[in-house]
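**Q** Below you'll find the structure I mean.
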Amino acid sequence: MKASFFRKTWIMAQGIAATLGISVLALYMRFTRTYERGFADRVLRWWSGFLLKNVRAGVHVDNPHQVTVNPGTPYIVMSNHRSHYDIPLIFVSLPGSIRMLTKKELFKVPVWGKGLKAAEFLSIDRHDHAQAIRDLDYAREQMKGGIVLWVAPEGTRSRDGVIGEFKKGGFMVAIQTGAMIIPVGISGSEKILRPGTWDFFLDQGVRVNIGMPIDASAYTIETRDRLMHDVKEAIRGLAEGG
């Protein structure tokens, strides 16, 4: 059901308020030196659940392999990307201190951008190769400290639901850290909010399929393309299986 103009306005207003609220909270905790990652994880999951509840999304998570996150093991979550709602879906569907690796431009947004940095989200500069390398080096360091990196390898949302070409950066990090890549297929999120529009649809069913982890330590820089192919096929199968 398409949301009315008034309901759409309400959804957007509440979403902005919640996002600004947790951004200010993250900044406050950093300023007062009271930031605690586990608490930040709970806040992010509350925020995610709030956004999904606001559009009355019906979320089904399928984790047949009982994938979890074990301390001391580096993990990278990789998924397809169909909608802005993929972000809260990932946070409510998987365990661990998940933080998104996203484009640097988002960190320039007032308040929200500073909040992202305060909450340990990671950026990558897609327009400066040397800076991108430094960004990926920093991402590796954060993973050593327990951050579960989430990467959308397509780099942007698919407009037609077809999985696009994968970027190489996340796979370089995976190989260099010997990470376990958790493939995730999301289906139905584009029905809530289609890319390029602000038309919200209520009561949509969404499925998140979590696949068997792929051990990046079994690959090398020379076989990176094979790793990209294997992960892409896994995500494709999980997304189409929804």
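Read-outs: derived from the displayed coordinates by stated rules, not from any lab. Computed from a prediction, not measured in an experiment: that's the story for all the values here. For neighbour counting, all protein chains shown are included, and Cβ atoms are generated from backbone atoms with ideal geometry for every residue, glycine included.
**Q** Applying a 10 Å radius around every beta-carbon, put 183-191, 50-58 in order of their mean neighbour count, most first.
**A** Packing order, densest peptide first, comes out as 183-191, 50-58.
**Q** Hey, another quick one. Any chance you could run the full-extension gain for residue 236 through residue 217? It's 0.36 nm times the residue separation minus the Cα-Cα distance, nm to one decimal. If you can, show how the numbers build up before the last one.
**A** Working: separation 19, 0.36 × 19 = 6.84 nm, distance 2.19 nm.
Contour length minus Cα-Cα distance gives 4.7 nm.
**Q** How large is the helix-only mean residue ellipticity at 222 nm for the chain, computed as the sum of -39500 (n - 2.57) over DSSP H runs with n ≥ 4, divided by its residue count, in deg cm²/dmol to the nearest 500?
**A** Value at 222 nm, helices only, nearest 500: -13500 deg cm²/dmol.
**Q** Cα centroids of the range 45-78 and the range 18-42: how far apart, whole angstrom?
**A** 20 Å
**Q** Springs between alpha-carbon atoms under 10 Å, Gaussian network over the chain: tell me which of 127, 60, 81 tops the mean-square fluctuations.
**A** Top of the fluctuation ranking is 127.
**Q** Just check the range 41-92 against the gyration tensor rule for me: Cα atoms, a ≥ b ≥ c as the square roots of the eigenvalues, rounded for a/c under 1.5, and otherwise prolate or oblate depending on whether a/b exceeds b/c. Present the calculation step by step, with values, prior to reporting the outcome.
**A** Numbers: a/c = 1.87, a/b = 1.60, b/c = 1.17.
Because a/c hits 1.5 or more and a/b exceeds b/c, the range 41-92 counts as prolate.
**Q** Given H placed 1.01 Å from N in the peptide plane, which residues other than close sequence neighbours of residue 200 have an amide H under 5 Å from its amide H?
**A** Amide H neighbours of residue 200, under 5 Å, 5+ apart: 3.
**Q** Right, another one. Nearest 0.05, what FRET efficiency do residue 36 and residue 56 give at R0 = 25 Å with Cβ-Cβ as r?
**A** Computed FRET efficiency for residue 36 and residue 56 comes out at 0.20.
**Q** Something else about it: Short version: ³J(HN,Hα) in whole Hz for each residue of the range 60-66, in order, from phi by Karplus 6.51 cos²θ - 1.76 cosθ + 1.60 (θ = phi - 60°), x for Gly and Pro, what are they?
**A** 10, 9, 10, 10, x, 8, 6
**Q** Using the Karplus equation 6.51 cos²θ - 1.76 cosθ + 1.60 (θ = phi - 60°), what ³J(HN,Hα) coupling, rounded to whole Hz, does each residue of the range 101-107 give in order, writing x for Gly and Pro?
**A** These are the phi-based 3J(HN,Hα) values: 8, 10, 5, 5, 4, 5, 6 Hz.
**Q** Compute a Gaussian network model of the chain, connecting alpha carbons closer than 10 Å, and tell me which residue from 196, 164, 113 fluctuates the most.
**A** Maximum fluctuation in the GNM of the chain, among the listed residues, is at 196.
**Q** Percent antiparallel among DSSP beta bridges with both residues in the chain, to the nearest 5?
**A** Beta bridges within the chain, antiparallel portion: roughly 30 percent.
**Q** Each residue of the range 25-38 in turn: what ³J(HN,Hα) in whole Hz from Karplus with 6.51, -1.76, 1.60 and θ = phi - 60°, glycine and Pro shown as x?
**A** Once θ is set to phi - 60°, the couplings for the range 25-38 become 4, 4, 5, 4, 5, 5, 5, 8, 6, 10, 4, 9, 4, x Hz.
**Q** Report the label-to-label distance for residue 229 and residue 10 in nanometres (one decimal), using points 7 Å from each Cα along the Cα→Cβ vector.
**A** In this crude spin-label approximation the distance works out to 5.2 nm.
**Q** Taking 0.36 nm per residue of sequence separation and subtracting the Cα-Cα distance, how much length would be gained by fully extending the chain between residue 105 and residue 84, in nm to one decimal?
**A** 6.0 nm
**Q** Can you tell me the dipole magnitude for the range 92-242 around its Cα centre, using point charges on the Cβ only (Lys, Arg +1; Asp, Glu -1), in Debye to the nearest 20?
**A** The calculated dipole for the range 92-242 is roughly 340 debye.
**Q** At a threshold of 8 angstrom on Cα-Cα distance, excluding pairs fewer than six apart, so keeping six or more, what relative contact order does the chain reach in percent?
**A** Normalised by residue count, the contact order of the chain is 28 percent.
**Q** What area, in nm² and to one decimal, does the C-alpha convex hull of the range 86-208 cast on average over all directions?
**A** Over every viewing direction, the Cα hull of the range 86-208 projects on average to 8.4 nm².
**Q** Taking 28 Å as the cut-off for C-alpha to C-alpha distance, list the pairs among 53/167; 2/117; 2/167; 144/167; 108/232 that go past it. Can you show the working numbers first?
**A** Working: 53/167 32 Å; 2/117 34 Å; 2/167 34 Å; 144/167 22 Å; 108/232 31 Å.
From the list (53/167; 2/117; 2/167; 144/167; 108/232), the Cα-Cα distance tops 28 Å for 53/167; 2/117; 2/167; 108/232.
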